[in-house]
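Structure first, then comments.
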């Protein structure tokens, strides 16, 4: 009986919310974030400008930003092209920064000879640095 009342209340709340969305849409108050109609071609302005200099980190422990394009890099289950330059075994020869030793620790803190599976997908944490406009206002100030 208690489940039936809870379920009925949920359905009622859902229908009220759905009715509100339909009313707002019909009233013309709902605006899309894109300028083009949904069935039209979506034009994207080129706003990304790759910077040659390295950006400073905004907070302690921030993953470093990538100072080069990675548009054509293969990073998937079978390959990680970042390791061709940044793995500890080749970074010195390539003049690239070596990965942090934390990238060679498994979940239990055991040292590995190869990059840990939990750190395989570099672009989970590291992103290319670019001078782009802010999407939303930001009042963050670094602590240093």
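Values in this text are rule-based calculations from the coordinates and carry no lab data. Being a predicted model, the structure only gives us computed values, none of them experimental. Please note: Cβ atoms are built from the backbone with ideal geometry, for glycine as well, and neighbour counts cover all protein chains shown.
If you average 1/r over all unlike Cα pairs in the range 91-144 and invert the result, what Kirkwood radius do you get in angstrom?
Numbers: mean 1/r = 0.0692 Å⁻¹.
Kirkwood hydrodynamic radius for the range 91-144: 14.5 Å.
Ranking request for peptides 119-127, 92-100: highest mean number of other beta-carbon atoms within 10 Å first, then the rest in descending order. All intermediate terms of the calculation are to be shown ahead of the outcome.
On the way: 119-127: 14.6, 92-100: 11.9.
Taking the mean over residues of other Cβ atoms within 10 Å, the ranking is 119-127, 92-100.
Taking 8 Å as the Cα distance limit and 6 or more residues as the minimum spacing, I'd like the relative contact order of the range 47-134 as a percentage. Please list the in-between numbers first.
Values: 94 pairs, mean separation 34.6, N = 88.
Reported as a whole number, the value is 39 percent.
How are the alpha carbon pair distances in the range 47-134 distributed across 5 Å bins from zero to the largest one, expressed in percent?
3, 12, 21, 25, 21, 12, 5, 2, 0
Between residue 132 and residue 88, what length comes free when the chain is fully extended (0.36 nm per residue of separation minus the Cα-Cα distance, one decimal in nm)?
On the way: separation 44, 0.36 × 44 = 15.84 nm, distance 3.16 nm.
Full-extension gain reported as 12.7 nm.
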